[in-house]
Amino acid sequence: MAGLAKKIWIIANWKSNKTIAEALDWVSIVGPKIPKSENLQAVVCPTFSALSEVKKIITVNNFNLMVGSQDLSPFPEGTYTGEEAARILKEVVELSILGHSERRKNFSETDEMVANKVKQALDNNIVPLVCVQDENTSVPADVKLVAYEPVFAIGTGNPDTPENANEVAKSLKQKYPELEILYGGSVNSGNIVSFIRQADINGVLIGGASLDADEFIKILKECAGEAT
């Protein structure tokens, strides 16, 4: 599908993986090989401990790579031990993944908590990427970027079908016309094109496959072929 006009987001979510040194190695490999396309936006979301150094190497080398966090605090700065406030994070990130299914499951995050995080992100000019499990999941006000991530596909190697993912995306856009919808769940270089070719899917949120620099480069190149 050459001549694709829509913007394609390719977001790497490393979860709880990679030391700072490993993160820098990944960026040094991927950064110079990111395809040049005005319709393609690559994002890397490393661990909190690696954010500052990852931001630094990307800035120094002028890589076409946005930095995101995997979460942020629902509270402002203050007496919230262990939390990362958005006003502090905005120095190193432009985007934050909020409401991921693993956060909802392992840390009992609620829609209300996610909405509070969205407010903190927006108040500090951080793009909130809100993860939803289906078309019935609540999307907070003023959110423009959403990732549909069916629980059965997260880390299982069993993705949803591109056609069904597109139906969910279409349903979400009918409710929230301003949304860009990403798909997340067992995405790799072998199936990426089948998802981004769907009319209502604007990119992907990638977990395990994003940890391998060479695999992530393959994914980017597959997408660049669709975006030119």
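Please identify, among Ala12, Ala23, Ala199, the residue showing maximal mean-square fluctuation in a Gaussian network model of the chain using a 10 angstrom Cα cutoff. Maximum fluctuation in the GNM of the chain, among the listed residues, is at Ala199. In this calculation the C-beta distance from Thr161 to Glu84 is compared with R0 = 35 Å, giving a FRET efficiency of 0.45. Can you check what the net charge comes to around Tyr176, using other residues whose Cβ is under 11 Å from the Cβ of Tyr176 (Lys, Arg +1; Asp, Glu -1)? It works out to a net charge of -1.
Extension gain for Asn64 to Asp214 (0.36 nm times residue separation, less C-alpha to C-alpha distance): 52.3 nm. Taking the number of Cβ atoms within 10 Å of each Cβ as an exposure proxy, the fewest-first ranking of Glu163, Glu53 is Glu163, Glu53. Counting beta carbons within 10 Å around each of Ile8, Ile219 and listing the fewest first gives the order Ile8, Ile219. Largest GNM mean-square fluctuation among Ser194, Ser138, Ser186, using the chain with Cα springs under 10 Å: Ser194.
Between Lys36 and Thr19, the modelled label-to-label distance comes to 3.6 nm, taking each label 7 Å out from Cα in the direction of the beta carbon. Sorted ascending by nearby beta carbons within 10 Å, beginning with the fewest, Ser108, Ser37, Ser171, Ser210 become Ser108, Ser171, Ser37, Ser210.
Report the residues of segment 178-212 in range of a label on Phe152: point 7 Å along Cα→C-beta, backbone N strictly under 18 Å from it. Of the residues in segment 178-212, 183-187 have backbone N under 18 Å from the label point off Phe152.
The charge dipole of the chain, taken about its Cα centre with unit charges on the Cβ atoms of Lys, Arg (+1), Asp and Glu (-1) only, comes to about 400 debye.
Compute log10 of I(q)/I(0) for segment 68-120 with the Debye formula, placing one identical point scatterer on every Cα and leaving out solvent, at q = 0.18, 0.31 Å⁻¹, to two decimals. Taken in order of the listed q values, log10 I(q)/I(0) reads -0.54, -1.33. Annotation: amide H of Val187 within the under-5 Å range of Gly207, sequence separation 5 or more or interchain, hydrogens built in the peptide plane. For a modelled paramagnetic label at Asn106, 7 Å from Cα along Cα-to-Cβ, the residues of segment 76-95 in reach, with backbone nitrogen under 18 Å, are 82-84. For the residue pairs Lys144/Lys170; Lys170/Lys221; Lys36/Lys119; Lys6/Lys105; Lys36/Lys170; Lys18/Lys56, the C-alpha atoms sit more than 21 angstrom apart in Lys170/Lys221; Lys36/Lys119; Lys6/Lys105; Lys36/Lys170.
Bear in mind these aren't lab numbers, they're just calculated from the coordinates by the rules spelled out. Every value quoted in this text rests on a predicted model; they were computed, and no experiment measured them. When we count neighbours, we look across all protein chains shown, and the Cβ atoms used for this are built from the backbone with ideal geometry, even at glycine.
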